[in-house]
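First comes the structure, then the notes that go with it.
The values are calculated or read from the model by the stated rules, or taken from the named source; none is laboratory data. All of these numbers come straight from a predicted model, not from anything done at the bench. So basically every Cβ, Gly included, is an ideal-geometry build from the backbone, and we count neighbours across all protein chains shown. Surface areas here come from the heavy atoms of the whole protein model, side chains and all, with no ligands, DNA or RNA. Shrake-Rupley method; radii C 1.70, N 1.55, O 1.52, S 1.80 Å.
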Amino acid sequence: MMKEEDPLGGTDRLTTQEVPPGVDRRAFLMRSAAVGAAAVMTGRLVSAQEIIHQPLAVLPPQKAEPPLSKDLNVVKKEKGPVLTTLDEFYKVGPGPSSSHTIGPMRITYDFYQRAEKLPADKLAKATALKVNLFGSLSATGKGHGTERAALAGLIGKEPATVDPLFLDSLRDKPDQTFPVKLGSSTFNVSLKDVIYDATKGDFKHPNTMTVKLLAGDEVLLEQEYYSVGGGFIEWKGYTPPKKNPPKYPFSTMKELRAHADKNKLSIAQVMLANEMSIAGRTEEEVYAFTDKIINAMVATVKSGLSMPEDDVLPGPIKLHSKAATVYKRAMDDTYQADRGIGLLSAAALAASEENGRGHLVITAPTGGSAGVMPALVYGLLEARKIPLEKVRLGMLAAAAVGYLCKHHATLSAAEGGCQAEIGVASSMAAALVATAYDAESRVVENAAESALEHHLGMTCDPVAGYVQVPCIERCAFGAVKAWTAYAIASNEIASRHRVDFDATVQALAETAKDMNSKYKETSEAGLALSVVLC
Ligand code: SF4
């Protein structure tokens, strides 16, 4: 016989109750509570089965989020050692979003190069190029300038060298047309050739797009692409390029730190050795690249700080720039600690506002989070006068953190919300600071872990689809949290830190999977819903 339960038997049963798959947890628990409350009011005993099945009868099934395709390399990545290299990871390109601006621009540039290789008789028939944006690219692409970036790539412009003023001109004069020459054919392309297509569907990745070369209605070449986060791209049938084996293979922080400790190296030195072996580069070549990125980061902060205090960022929010004001007022602060926090915040705001303007930024790991690492690099070099050699090493340790997050979780807000962007950036920045201050490997790990841990669950809900609110201030908070993480990690007994970095990355991956898709760069919920623009 079914056991009847006392409706006044406390709430433990409810709060510990397993939520059946396929329904919204909150709605289910509320309904269950309502069933119990109704029983109390009527004095009727109610069974555990009823508590579960009555709510199920009235609740709509939760919209299943399409899982990421298992074919994607970004999904298969957790197998094998980390093989990412610095030049793949730290990318210079136009803001405001690595996945919605730099990625689509790399994609159309890639397609243009493929099209160029078609046989001459095919190219002779070409009349048009068409780009279709799907999923999150379609939902929030307008706020990210995705159509302008896609068009720029189609006409042969690369993210690292494109003049941001060219992209601005596309915004100011959207009817411009540009000739494209492919073989013996020349035809015009314009923003009209980039189509905002379905936002929902059975896509392999939330950031899916197709590019086609047409001869009238005939398709001469078509490719489906995915902008998988941090400016990384894949396409249907993608296989990663062959690389040399790393000197110190690792796929977890535990393994990375074991190499460091066993060989009496720092995490950064292990990363340097791996970079040299995987990419076949000399130490000088590796440092030439880190210096280029460091200089670009300092330049983006300086450029942002030099903008007028009343500058208004592009887009419907009409957000006023505040980096210069925060900087000036911070310098007037009486207390040194206030000046430090003010300077760090101003530097992060400056680089992030540059991103909002669509100017050149550095993915570390993404465009939306492009204020975090530059703020710490600027603070270490310009304010603390830390030697460049130490900041270089910090860039290598920060890269290790970013690689591991990419390897086991995600750098894409469309997959994991803002924890995957600002959270990872803050974690990288904490590793940078700890390394620049010669911290031992365990402290570097602990600082990175702490910064990531305190961003878990952070959603992505950019107002009006623009990478401005909450993104710009969020970069400042990410930078300050990175410093706090280092302050805690360097002042605790390292071996007593109870949460290891790998566990936190796993939590990031799991939280990303469970997060409602409304909070993954779709601008359908959160601040994007509650903030009313007038
Ligand atoms: S809310 Fe975070 S993840 Fe989303 S666009 Fe802004 S910075 Fe990127």
Fraction in percent of alpha-carbon pairs per bin - 10 Å, the chain: 4, 18, 26, 24, 16, 8, 4, 1, 0
Taking θ as phi - 60°, what are the ³J(HN,Hα) couplings along the range 396-411 by the Karplus curve (6.51, -1.76, 1.60), each to the nearest whole Hz, with x for Gly and Pro? 5, 5, 4, 4, 4, 4, x, 4, 5, 5, 5, 5, 10, 10, 7, 10
What is the list of residues in the range 119-157 whose amide nitrogen lies under 20 Å from a point 7 angstrom out from the Cα of ASP217, following Cα to Cβ? 125-132
With +1 at each Lys and Arg Cβ and -1 at each Asp and Glu Cβ, the charge dipole magnitude of the chain around its Cα centre, to the nearest 20 debye, comes out at 540
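Using the scaling law 2.2 N^0.38 Å as the reference, what is the normalised Cα Rg of the range 265-366? Could the numbers behind the result be given before it?
Values: Rg = 17.6 Å, N = 102, 2.2 N^0.38 = 12.8 Å.
Expressed relative to 2.2 N^0.38 Å, the Cα Rg reads 1.38.
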Between the modelled labels at LYS243 and ALA503 (7 Å from Cα along Cα→Cβ) the distance in nm is 2.9
Cα centroid separation - the range 73-143 against the range 288-308, whole Å: 25
Could you compute how much accessible surface ASP261 exposes when probed at 1.4 Å, giving the result in Å² to the nearest 10? 80
Evaluated at q = 0.12 Å⁻¹: base-10 log I(q)/I(0), Debye formula over Cα of the range 455-534: -0.49
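Please calculate how many Å² of accessible area the chain carries per residue, with a 1.4 Å probe and no DNA, RNA or ligand atoms counted. Write out the running numbers ahead of the final one.
Working: 23330 Å² over 534 residues.
On a per-residue basis, the chain sits at 44 Å².
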Eligible lysines near LYS328 by straight Cα distance, threshold 18 Å, same-chain separation 8 or greater: LYS302
What FRET efficiency comes out for GLU158 versus ASN188 if R0 is 25 angstrom and r is the Cβ-Cβ distance? Round to the nearest 0.05. 0.75
What list of ³J(HN,Hα) couplings, whole Hz, do you get for the range 487-493 from phi and the Karplus terms 6.51, -1.76, 1.60, once you set θ to phi - 60° and write x for glycine and proline? 4, 5, 4, 7, 10, 9, 7
Over the Cα atoms of the range 141-248, what Rg and Dmax result, in angstrom? 16.2, 53
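Could you please put LYS125, LYS520, LYS242 in sequence from largest to smallest accessible area, using a 1.4 Å probe? Let's see the in-between values first.
Working: LYS125 95, LYS520 10, LYS242 195 Å².
Output order, biggest surface exposure first: LYS242, LYS125, LYS520.
For the chain, what is the calculated [θ] at 222 nm in deg cm²/dmol (nearest 500), taking -39500 (n - 2.57) for each run of four or more DSSP H residues and dividing by its residue count?
On the way: 23 runs with 260 residues, N = 534.
Rounded to the nearest 500, the figure is -15000 deg cm²/dmol.
List the equivalent ellipsoid semi-axes of the range 363-415 in whole Å, largest first, each obtained as the square root of 5λ for an eigenvalue λ of the Cα gyration tensor.
Working: eigenvalues 117, 36, 6 Å².
Equivalent-ellipsoid dimensions as semi-axes: 24, 13, 5 Å.
Going down the table (LYS130/LYS292; LYS79/LYS406; LYS125/LYS204; LYS157/LYS212; LYS242/LYS390), which pairs top 24 Å between alpha carbons? Write out the running numbers ahead of the final one.
Numbers: LYS130/LYS292 35 Å; LYS79/LYS406 12 Å; LYS125/LYS204 31 Å; LYS157/LYS212 18 Å; LYS242/LYS390 31 Å.
LYS130/LYS292; LYS125/LYS204; LYS242/LYS390, as the Cα separations exceed 24 Å there.
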Return the carbon/sulfur percentage of the accessible area of the range 445-503, one whole number, probe 1.4 Å, all protein chains in place. 56
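Under the 0.36 nm per residue contour assumption, what length would be gained going from the current alpha-carbon distance of ALA383 and VAL312 to full extension?
Values: separation 71, 0.36 × 71 = 25.56 nm, distance 2.76 nm.
Net length gain for the segment: 22.8 nm.
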Check cross-link reach from LYS247 to the lysines: straight Cα distance under 16 Å, and skip same-chain residues fewer than eight apart. LYS262, LYS264
